[in-house]
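To keep things clear, I will list the structure first and then write my remarks on it.
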Amino acid sequence: MSAPNKSYDPVQVTTLNAEEVDRARDAALASIAAAADLETLKRVRLDHAGDRSPLALANREIGALPPAARAEAGKRVGSARRAVSDALAARQGELEQARDEQVLVEEAVDVTLPWDRSPRGARHPLTTIQERVADLFVAMGYEVVEGPEVEAEWFNFDALNLGPDHPARSMQDTFWVGSPDAGLVLRTQTSPVQIRTMMRRDPPIYVIAPGRVFRTDELDATHTPVFSQVEGLVVDEGITMAHLRGTLTHFATEMFGADVVTRMRPSYFPFTEPSAEMDLRCWVCHGESVGNPERPCRTCSSEGWIEWGGCGMVNPRVLTACGVDPERYSGFAFGMGLERTLMSRYGAEDMRDMVEGDVRFALPFGMEL
Ligand code: DAH
């Protein structure tokens, strides 16, 4: 600041002359008008209204003027500073409003955008069909039981009347766990759960045991090394083959509809006597490929029927081995393929689709959670 200017000399205090003040004010107003955003306006405020701005410096010079000159200079500088601060406030308001409008546009949530961009998963159709089967039997008073997938050879074969040299053992190509001497297998069937159940409890027994089974098959359209069965076992007084037939027919109609065509044909299993196999009318050709070389059917190999599973009356030897008196009790058992059930129910043609885990296979079955 200059020293007090007792003998008023306007030339010495150029910052206070009218032109200078007007120029400083106009420069400030021009910069304010040109500020395109709040950041720029902040710098403009510092430059033109800050402590070191020309108008602030001019203001400080007023005190150095002789008293007579102070009022006029004060008025001039004051009105210039007011003009600048009014313009700053107005521009600040404008720019804030523009920013708010921009934020509203840029950060707007478009509620019409699809929200389901990472689709939810769902349980595999095999799991849901398994539950449907369970529901159906639970409704008839059955209980659902389970057994281990790594099973003792004795439960999987011996106790089911499949001795070490029994030819049927080789029908079920077995995955051995560790060395064959260890006596452990990946169960080739759910039938060992029958044995576990009969050894654990007394008749009357009404159970089903759904689960995974394993055989050394190559994966192709009709085979898979891992598949699923549902085992059924009933042991009570007076059980006959008619009960078995009635139960499986009910099972089939509930699964496939009233127009399903089934047949039972004699077969052989070491743990049932007599034994039978239950077939379903081919769901692809409906039997029309039989004797019709022009329209062969891959699904049933033109036989018209597809094996659904085995069944029979529990062999008295098995009852005895499990401590059940065959003089008093009789029973039936069955083991149906769940993949076959699913394929038949929905007309699926290729087993590989079931194990590959491609969600496009599961989607048409409905996404049950
Ligand atoms: N365990 C047999 C299989 O995997 C199917 C079977 C046949 C189960 C007859 C049974 C039965 O319970 O009684 O080929």
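The values are calculated or read from the model by the stated rules, or taken from the named source; none is laboratory data. In this text the structure is predicted, and so the values were computed from the model without any measurement. Using ideal geometry, Cβ is built from the backbone for each residue, glycine included, and neighbour counts are taken over all protein chains shown.
What to note about this one:
- Scanning the range 176-234 for residues that are more than 14 Å from the ligand (Cβ to nearest atom), aliphatic (A, V, I, L, M) and over 30 Å from the mean Cα position of the chain (by Cα) turns up V177, A182, L184, M199.
- Given (1) surrounded by 13 or more Cβ atoms within 10 Å (Cβ to Cβ); (2) charged (D, E, K, R); (3) more than 13 Å from the ligand (Cβ to nearest atom), index of the condition D135 fails: (1)
- Test set (1) surrounded by fewer than 15 Cβ atoms within 10 Å (Cβ to Cβ); (2) in contact (Cβ under 8 Å) with a residue 60 or more places away in the chain - E107 fails condition number: (2)
- Only listed residue being among the acidic types (D, E), out of contact with any His (no Cβ under 8 Å at 6 or more places or on another chain) and not in a helix (DSSP H, G or I), chosen from D26, D22, D47, D51: D51
- Cβ-Cβ under 9 Å pairs, at least 6 apart or on other chains, the range 39-54 side farther than 23 Å from A18 by Cβ, far side basic (K, R) and outside any helix (DSSP H, G or I): L46/R52
- Checking each residue in the range 18-55 for being in contact with a Lys or Arg (Cβ under 8 Å, 6 or more places away or on another chain) and small (G, A, S) picks out A18, A33, A35, A49.
- R169 of a type in the set (K, R), more than 24 Å from V235 (Cα to Cα) and within 14 Å of the ligand (Cβ to nearest atom): yes
- For the range 235-248, residues that are surrounded by fewer than 18 Cβ atoms within 10 Å (Cβ to Cβ), touching a residue at least 40 places away in the same chain (Cβ under 8 Å) and more than 12 Å from the ligand (Cβ to nearest atom) total 5.
- For the range 333-351, the criterion of a residue being surrounded by 22 or more Cβ atoms within 10 Å (Cβ to Cβ), among the small types (G, A, S) and modelled with pLDDT of 90 or more is satisfied by at least one position.
- Verdict on F251 being surrounded by 15 or more Cβ atoms within 10 Å (Cβ to Cβ), of a type in the set (F, W, Y), in contact (Cβ under 8 Å) with a residue 60 or more places away in the chain and touching a Leu at 6+ places or on another chain (Cβ under 7 Å): yes
- Of all residues assigned to the range 191-214, at least one qualifies as being in a loop (DSSP other than H, G, I, E, B) and in contact with a Gly (Cβ under 7 Å, 6 or more places away or on another chain).
- Meets criteria (in a loop (DSSP other than H, G, I, E, B) and among the aliphatic types (A, V, I, L, M)) for V230: no
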